[in-house]
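The structure appears below as structure tokens.
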Amino acid sequence: MADATDGETVLVGRDGGVTTVTLNRPERLNSLDEAMHLGLRRALEACATDPGCRAVLLTGAGRAFCAGQDLDDPAMGDGGDQAAPPDLGLTLERLYNPLVRLIRGLGQPVVCAVNGVAAGAGANLALACDLVLAARSAGFVQAFCRIGLVPDAGETFLLPRLVGAARARGLALLGERLSAEQAEAWGLIWRCVDDEVLMPEAEALAQGPTRGLALTKRALNAAEANDLNAQLDLERDLQREAGRTADFREGVRAFKERRPARFSGR
Ligand code: LHQ
């Protein structure tokens, strides 16, 4: 795997067609300051325009996935200066909202390997990904209410859709830690796995007919706003596109020859 560092706080590696993006401020539980935000954005934007990148794998270094906003960042204010309260809306507008939109809109499937605690906006970055796999030792904390804030980074949109209204409200209003096992049981994430197999399992999920998977992502994203008629039309158009891919031809050939398919992402 060829590794490149983006600043010091985001690592980018490529293995085959999978680009692994690692949040790398382990001593601060990978909480997001401005430099890390911009590094992460740069890494994902590079994926968007990289024809060799078939899928993205997002994870964290050390014992946490991401503790959300770095509360020591100057943009958060000093916690005591009432004369100059921070404009947290501006932080969302400039940094978080573009990041969530980028992940959701990326033309490749994004797999998230939640290696440890995911708190605040860190939890919601994970939930914005297409497939979320978590280590058994990981957990999810909607920490906003613990510090008097409103959930952000898409939480109020994503959470009720994933786990239903009652559980979404409980998580958002109480901020209790949800274990990875419970997160799987509630449908918050795809699967919880033993810590030692997290990365191989996540890498395996990032393989496959990635062109078709990216089209599937587009259809599922659009379904959040479409009615059935619009969605049927979209499925028709995307299926037309999928039917022209090398992966579709390979998939059918492999089925008929009773062998595993060798997908190329084309
Ligand atoms: C941290 C952090 C952290 C700095 C742990 N910052 N140092 C965006 C911008 C605009 C508006 C506002 O909203 C947002 C989005 C947000 O994300 S707001 C929510 C921000 N996040 C939080 O409130 C979570 C704060 N962290 C925690 O609740 C805990 O640390 C968790 C549950 C993540 C982990 O607990 P523990 O495993 O017990 O670890 P710890 O608390 O002992 O933390 C270890 C160190 O990391 C510690 O520093 P130290 O120097 O004592 O070793 C913490 O201060 C530091 N750290 N999170 N977000």
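The values are calculated or read from the model by the stated rules, or taken from the named source; none is laboratory data. Computed from a predicted model, the values in this text were never measured in an experiment. Neighbour counts are summed over all protein chains in view; Cβ atoms, including those assigned to glycine, are modelled from backbone coordinates with ideal geometry. Ligands, DNA and RNA are stripped out before the accessible areas are found, and what is left, the full protein with its side chains, is counted by its heavy atoms. Shrake-Rupley method; radii C 1.70, N 1.55, O 1.52, S 1.80 Å.
Quick notes on this one:
- G154 without any contact (Cβ under 8 Å) to a residue 12 or more places away in the chain, within 12 Å of the ligand (Cβ to nearest atom) and either open to solvent by less than 70 Å² (accessible area, probe 1.4 Å) or over 23 Å from L198 (Cβ atoms) (or both): no
- Being within 11 Å of the chain's Cα centre (by Cα), crowded, with 23+ Cβ neighbours inside 10 Å and either small (G, A, S) or near the ligand (Cβ under 10 Å from one of its atoms) (or both) holds for only one residue in A119, A126, A134, and it is A126.
- The residues listed here are L95, L99, L90, L44; of these, the one that is part of a helix (DSSP H, G or I) and surrounded by fewer than 18 Cβ atoms within 10 Å (Cβ to Cβ) is L90.
- When residues in segment 246-266 are screened for being part of a loop (DSSP other than H, G, I, E, B) and not hydrophobic (A, V, I, L, M, F, W, C), 8 of them pass.
- Those residues of segment 221-243 which are without any contact (Cβ under 8 Å) to a residue 12 or more places away in the chain, surrounded by 11 or more Cβ atoms within 10 Å (Cβ to Cβ) and within 21 Å of A128 (Cβ to Cβ), in sequence order: A223, N226
- Flag for L106 being within 16 Å of the ligand (Cβ to nearest atom) and either open to solvent by 10 Å² or more (accessible area, probe 1.4 Å) or touching a Lys or Arg at 6+ places or on another chain (Cβ under 9 Å) (or both): no
- Scope segment 199-227; condition in a loop (DSSP other than H, G, I, E, B) and within 20 Å of V21 (Cβ to Cβ); matching residues: A206, Q207, G208
- Each residue in segment 57-75 was checked for being near the ligand (Cβ under 8 Å from one of its atoms) and open to solvent by less than 30 Å² (accessible area, probe 1.4 Å), and 4 of them qualify.
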